[in-house]
1. Could you check region 13-38 and list, in sequence order, the residues that are farther than 28 Å from N87 by Cβ and in contact with a Lys or Arg (Cβ under 9 Å, 6 or more places away or on another chain)?
2. Check off (1) at pLDDT below 95; (2) under 23 Å from G46 (Cα atoms) for T145 and give me the number that stays unchecked.
3. Output the number of the condition that L97 fails; it satisfies all remaining conditions of (1) more than 14 Å from E146 (Cβ to Cβ); (2) free of Cβ contacts under 8 Å to residues at least 60 places away in the same chain.
4. Within region 39-57, how many residues are of a type outside the set (D, E) and buried (at least 16 other Cβ atoms within 10 Å of the Cβ)?
5. May I ask you to list the residues in region 131-142 that are surrounded by 24 or more Cβ atoms within 10 Å (Cβ to Cβ) and over 13 Å from T94 (Cβ atoms)?
6. Among the listed residues L129, L148, L166, identify the single one that is among the aliphatic types (A, V, I, L, M), in contact with a Cys (Cβ under 6 Å, 6 or more places away or on another chain) and closer than 23 Å to R66 by Cβ.
7. Would you be able to say whether some residue in region 23-31 is of a type in the set (G, A, S), crowded, with 19+ Cβ neighbours inside 10 Å and at pLDDT 80 or above?
Amino acid sequence: MLLLGFQNEYFEMVESILVYPNAFVAPDNTDIGEGFELVGESNNEGEAWYRGPVVLSWPDALAGGRCESGGRNLVVHEFAHQLDMGNGDVSEGTPALASRPQYDRWQRVMQAEYERLDRDCRRGRPTVLDCYGTGDIGEFFAVATECLFQQPSEMRHRHPKLYELLSEFFRQDPAGRNRPR
């Protein structure tokens, strides 16, 4: 395991980055209501903890960086979760935003695109966004962030409002960098 110290203004709550030699098993407890909890384990490639570490599987981090993962990027995904937690709410799909109008627009676009992905995945339609993003709105934000950087042209073409929203937030136009000159 490799331990890296990490600090900057965007990720000031990240305590450390733990890099494991492979995917890892972690406890997986799910509240199923009425005071009951489903207790088990899950195989994970990565995790992001509120006010804690980012945990990454080295082979999966490499595969995303080398674009060998079909549009997935573990590092981008887990750090998107850290951005999501930056406003104090965990897994609600909204990073810290500058204004109320920006927040309102964020909610409209993200909710509509989340529902579209959920509908398309349930119907077996091909999507540029990973169906893993249908788990909840926080996973959707992480998956959409991966797509912005890993498949920007496809995202801009198939999800223009989502592409515009994320491009403005990250202050980047990744698809613009891929245009032939």
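The values are calculated or read from the model by the stated rules, or taken from the named source; none is laboratory data. Since the model is a prediction, treat every value here as computed from it, not as a measurement. Backbone-built Cβ (ideal geometry, glycine too); neighbour counts: all protein chains shown.
1. none
2. Going through (1) at pLDDT below 95; (2) under 23 Å from G46 (Cα atoms) one by one, T145 breaks only (1).
3. Among (1) more than 14 Å from E146 (Cβ to Cβ); (2) free of Cβ contacts under 8 Å to residues at least 60 places away in the same chain, L97 violates only (2).
4. Summing the residues that are of a type outside the set (D, E) and buried (at least 16 other Cβ atoms within 10 Å of the Cβ) in region 39-57 gives 9.
5. Once the filter is applied, which keeps residues that are surrounded by 24 or more Cβ atoms within 10 Å (Cβ to Cβ) and over 13 Å from T94 (Cβ atoms), region 131-142 yields only G133.
6. So the residue among L129, L148, L166 that is among the aliphatic types (A, V, I, L, M), in contact with a Cys (Cβ under 6 Å, 6 or more places away or on another chain) and closer than 23 Å to R66 by Cβ is L129.
7. No, there is no match, as no residue in region 23-31 is of a type in the set (G, A, S), crowded, with 19+ Cβ neighbours inside 10 Å and at pLDDT 80 or above.
Let's see how each residue does on (1) under 27 Å from G52 (Cβ atoms); (2) touching an Asp or Glu at 6+ places or on another chain (Cβ under 8 Å):
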residue	(1), (2)
S99	no, no
M110	yes, no
R119	no, no
G138	yes, yes
E146	yes, yes
